[in-house]
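> First the structure, then my questions, so here it is.
The values are calculated or read from the model by the stated rules, or taken from the named source; none is laboratory data. Just so we're clear, the structure is a prediction, and the values are computed from it rather than from any experiment. We place every Cβ from the backbone using ideal geometry, glycine too, and count neighbours over all the protein chains shown.
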Amino acid sequence: MMLTEIAVQKVRDMAEKQNLQGYGLRVMVVGGGCSGFSYDMDFENTEKPGDFVEDQHGLKLFVDPMSWQYLDGTKVDYVESFQFSGFHFENPKATKTCGCGSSFSV
């Protein structure tokens with residue numbers, strides 16, 4: 001899994017605005033969405049048993065083992081355009097995605 005430098009900077013900016021300096025990012029896959037699975041993210045500062053933990057451009061990334069099986073190889077970027085502003089997931093394991101890009105199936 002790889003976060004672009006732009007995505008990492010956006011996470012840092014959001015953490016600073018919420019007074020959460022020093023926190024990392026937990027990326028998860030949860031059931032739901034129009035394609036079966038959805039991506040979710042939250043600030044995290046504690047490693048849980050079995051977590052995949054990696055430094056991404058100075059930001060600590062946490063992924064639980066169940067989510068890792070779906071996210072391995074995924075690129076996360078932050079995109080701003082007239083139609084969409086937000087985190088964009090490029091998941092090579094996704095066989096189908098919804099129109100908004102926030103849910104997928106494998």
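> What is the residue count in segment 14-30 for residues that are modelled with pLDDT of 95 or more and surrounded by fewer than 12 Cβ atoms within 10 Å (Cβ to Cβ)? Don't jump to the end; show me each part of the working.
First, pick out the residues of segment 14-30 that are modelled with pLDDT of 95 or more: 14-20, 23-28.
Applying the additional criterion that residues be surrounded by fewer than 12 Cβ atoms within 10 Å (Cβ to Cβ) yields 16-19.
Final tally of qualifying residues: 4.
> Out of segment 69-94, which residues are free of Cβ contacts under 8 Å to residues at least 60 places away in the same chain, of a type in the set (Phe, Trp, Tyr) and in contact with a Phe, Trp or Tyr (Cβ under 9 Å, 6 or more places away or on another chain)?
TYR70, PHE89
> Would you be able to tell me the number of residues in segment 67-99 that are closer than 25 Å to LYS48 by Cβ, at pLDDT below 90 and exposed (fewer than 13 other Cβ atoms within 10 Å of the Cβ)?
Within segment 67-99, residues that are closer than 25 Å to LYS48 by Cβ, at pLDDT below 90 and exposed (fewer than 13 other Cβ atoms within 10 Å of the Cβ) number 0.
> When segment 44-87 is examined, which residues are found to be under 16 Å from MET14 (Cβ atoms) and of a type in the set (Ser, Thr, Tyr)?
TYR78, SER85
> Next up: Among the numbered conditions (1) surrounded by 14 or more Cβ atoms within 10 Å (Cβ to Cβ); (2) among the small types (Gly, Ala, Ser); (3) more than 29 Å from ASN19 (Cβ to Cβ), tell me where SER38 comes up short.
Among (1) surrounded by 14 or more Cβ atoms within 10 Å (Cβ to Cβ); (2) among the small types (Gly, Ala, Ser); (3) more than 29 Å from ASN19 (Cβ to Cβ), SER38 violates only (3).
> Considering only segment 44-66, how many residues are without any contact (Cβ under 8 Å) to a residue 60 or more places away in the chain and surrounded by 14 or more Cβ atoms within 10 Å (Cβ to Cβ)?
10
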